[in-house]
Amino acid sequence: MARQERHLLVCGADPALDWQRLQRLLASGAVVGLSRLEEEQMLRAALRPTWLHRGWQSEWLIDGDSQPVLAEGAKPAVVIGSGGSGGGRRWCLQPWEHLQGAAQALVGWPGARNCSEHRAPPLSFNGLANPLPLHHISGLMPPLRSQAMAIPHCFLPGRQWRQVGKRPPLHGWGISLVPTQLQDILGEDDGVDWLAQLTCCWVGGASMAPALGQKARQAGLKISPCYGSTETGAMVAALDPHEFLSGVDSCGFPLSHVELRIASAGAPGGALEIRSPTLTPGFLVDGQLQPLPQDKGWWRSNDQAHMGDHGLQVLGRLDGAINSGGEMVFPEILEASLMDLGGLEAVLILGVEDPRWGQRLVGLYRGTITVGALENGVSHRPPAERPKQWIHCPSLAPNGQGKWERYRWQTWLKQQQP
């Protein structure tokens, strides 16, 4: 019977070292799970690895599984965490050839598709910088993209890109950030100048508040809002930064390897469906592969979206929508609309069971803003979209990847309100 080693690589403070080890393991045809320290046990249960690596230490696990994960045999692959906002955590298998294909699709971008009448010329990059962790799909893809584009790549550890005066010069480079990273850098003394040298800054992983986008435009920054997921091999749509500077608010058009469509389209949109050769085969549960649900090659995401004249617009998570007074409320849209209020540092809208409303909205917030100012900020919205309570939460923040762990904060809220 064929065998395939399974390895769990716990990512540490040196992503370059983790990348070297990952390359060696994949060259042997292994399946490699990537996780942060806090999720090691979760991934270990899902992957059932034969080897565990932490830093310089390697440990053989006697209870590991050596059966090939894919039915077609042993192919090098990685396993990365996906989701988590609804309380679940899924471990997504991505064959290495899928990720290489997704990286190749960025070559020549954005000339392949553009909302203007004339094709935009491809952007020229001197290199790609990477401030995201390797166990995140958007942190894993930059070195692969640099290989496909035949340009340099460099990891930017947190201690480097976060410190004023210690950020390296990156003239003509590209970088991927999540909105919270972009916001933090823009708020620092040399942040605008550092970002202005870039050829492109892709921003994804979460919705970007209108106020943040406007601030970036006013600074003349070449931002590209983009959309992707672990299940798709990261980015599948990205906006030409020149279109962003002209005032377009969207995630642009699909890359060359992807087809997008909207299912059950209505007002304001429907579920986003994706067809691509880079879709994951499935998720690992107790060492076994659970196939990704598909309909003739189309995978239905949990994002509500619509396609307009300027490309893809993502409205919010269908699994995070709140039924308030019979109306479907997408908290991401409401949160983004509030972020231009002075003194508001973070806001999260949650639904609490209520006999009258079905779910009543409760807003958690951080900052010096007053409750009166928050109430005024939603006063023009329909009653179903106005939180019935505001709670000051000094520790409110997204996770390290810039995503809101809504289940975690929902649990916190229940503990505060018996």
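Filtered by the rule that a residue be outside any loop (DSSP other than H, G, I, E, B) and at positive phi, region 230-281 gives a lone residue, 234. In region 297-319 there is no residue that is in a loop (DSSP other than H, G, I, E, B) and within 19 Å of the chain's Cα centre (by Cα).
Tell me, which residue of region 178-197 that is more than 18 Å from residue 138 (Cα to Cα) and of a type in the set (A, V, I, L, M) is surrounded by the fewest Cβ atoms within 10 Å (Cβ to Cβ)? Taking the candidates together, the pick is 196.
Residues of region 292-331 that are in contact (Cβ under 8 Å) with a residue 60 or more places away in the chain, of a type in the set (S, T, N, Q) and in contact with a Leu (Cβ under 7 Å, 6 or more places away or on another chain): 301, 324.
Of the residues making up region 111-124, one or more are in a loop (DSSP other than H, G, I, E, B), more than 20 Å from residue 227 (Cα to Cα), modelled with pLDDT of 90 or more and in the same structural domain as residue 244 (by TED's automatic domain parsing). Considering each of 36, 6, 54 in turn, give the residue that is on the phi < 0 side of the Ramachandran plot, crowded, with 20+ Cβ neighbours inside 10 Å and of a type in the set (D, E, K, R). So the residue among 36, 6, 54 that is on the phi < 0 side of the Ramachandran plot, crowded, with 20+ Cβ neighbours inside 10 Å and of a type in the set (D, E, K, R) is 6. Tell me yes or no: at least one residue of region 158-172 is of a type in the set (Gly, Ala, Ser), at pLDDT below 95 and part of a helix (DSSP H, G or I). Checking region 158-172: at least one residue is of a type in the set (Gly, Ala, Ser), at pLDDT below 95 and part of a helix (DSSP H, G or I). Taken together, the residues in region 321-345 that are part of a loop (DSSP other than H, G, I, E, B) and surrounded by 21 or more Cβ atoms within 10 Å (Cβ to Cβ) amount to 1. In this structure, is residue 366 outside the structural domain of residue 260 (by TED's automatic domain parsing), charged (D, E, K, R), touching a Gly at 6+ places or on another chain (Cβ under 9 Å) and more than 30 Å from residue 241 (Cα to Cα)? The answer is no for residue 366.
Is it true that residue 362 is in contact (Cβ under 8 Å) with a residue 60 or more places away in the chain, surrounded by 13 or more Cβ atoms within 10 Å (Cβ to Cβ) and not in a loop (DSSP other than H, G, I, E, B)? When the stated conditions are applied, residue 362 does not pass them. Among the candidates 394, 382, 387, 355, the residue that is loosely packed, with under 14 Cβ neighbours inside 10 Å and modelled with pLDDT of 90 or more is uniquely 394. Please go through region 176-206 and give me each residue that is closer than 21 Å to residue 134 by Cα, part of a loop (DSSP other than H, G, I, E, B) and among the polar types (S, T, N, Q), ordered by number. None; the set is empty. Count of region 263-282 residues, restricted to those that are surrounded by fewer than 21 Cβ atoms within 10 Å (Cβ to Cβ), in contact (Cβ under 8 Å) with a residue 40 or more places away in the chain, within 20 Å of the chain's Cα centre (by Cα) and closer than 22 Å to residue 318 by Cα, is 2. Of all residues in region 15-33, which are more than 17 Å from residue 153 (Cβ to Cβ) and out of contact with any helix residue (DSSP H, G or I) (no Cβ under 7 Å at 6 or more places or on another chain)? The answer is 24, 25, 27, 28, 29, 30, 31. Exactly one residue among 318, 348 is closer than 19 Å to residue 389 by Cβ and surrounded by 14 or more Cβ atoms within 10 Å (Cβ to Cβ), and that residue is 348. Which one is surrounded by the most Cβ atoms within 10 Å (Cβ to Cβ) among residues in region 57-84 that are touching a Pro at 6+ places or on another chain (Cβ under 8 Å) and aliphatic (A, V, I, L, M)? Checked region 57-84; the qualifying residue surrounded by the most Cβ atoms within 10 Å (Cβ to Cβ) is 77. When 293, 225 are screened for being assigned to a loop (DSSP other than H, G, I, E, B) and either touching a Phe, Trp or Tyr at 6+ places or on another chain (Cβ under 9 Å) or at pLDDT 95 or above (or both), only 293 passes. Take the residues in region 93-108 that are surrounded by fewer than 21 Cβ atoms within 10 Å (Cβ to Cβ) and at negative phi, then tell me which one is modelled with the lowest pLDDT. Taking the candidates together, the pick is 107. Pull up region 198-212, narrow it to residues that are at pLDDT 85 or above and in contact with a strand residue (DSSP E or B) (Cβ under 7 Å, 6 or more places away or on another chain), then point me to the one that is surrounded by the most Cβ atoms within 10 Å (Cβ to Cβ). It comes out as 203. Those strands (runs of 3 or more DSSP E) of region 41-105 in which 2 or more residues are under 17 Å from residue 22 (Cα atoms) and either β-branched (Val, Ile, Thr) or touching a His at 6+ places or on another chain (Cβ under 6 Å) (or both) occupy 77-82.
Selection over region 202-260 of residues that are basic (Lys, Arg) and in contact (Cβ under 8 Å) with a residue 40 or more places away in the chain gives a count of 0.
The values are calculated or read from the model by the stated rules, or taken from the named source; none is laboratory data. From a predicted model like this one, the values you see are computed outputs, not experimental measurements. In this analysis, Cβ positions are derived from the backbone assuming ideal geometry, glycine residues included, and neighbour counts consider all displayed protein chains.
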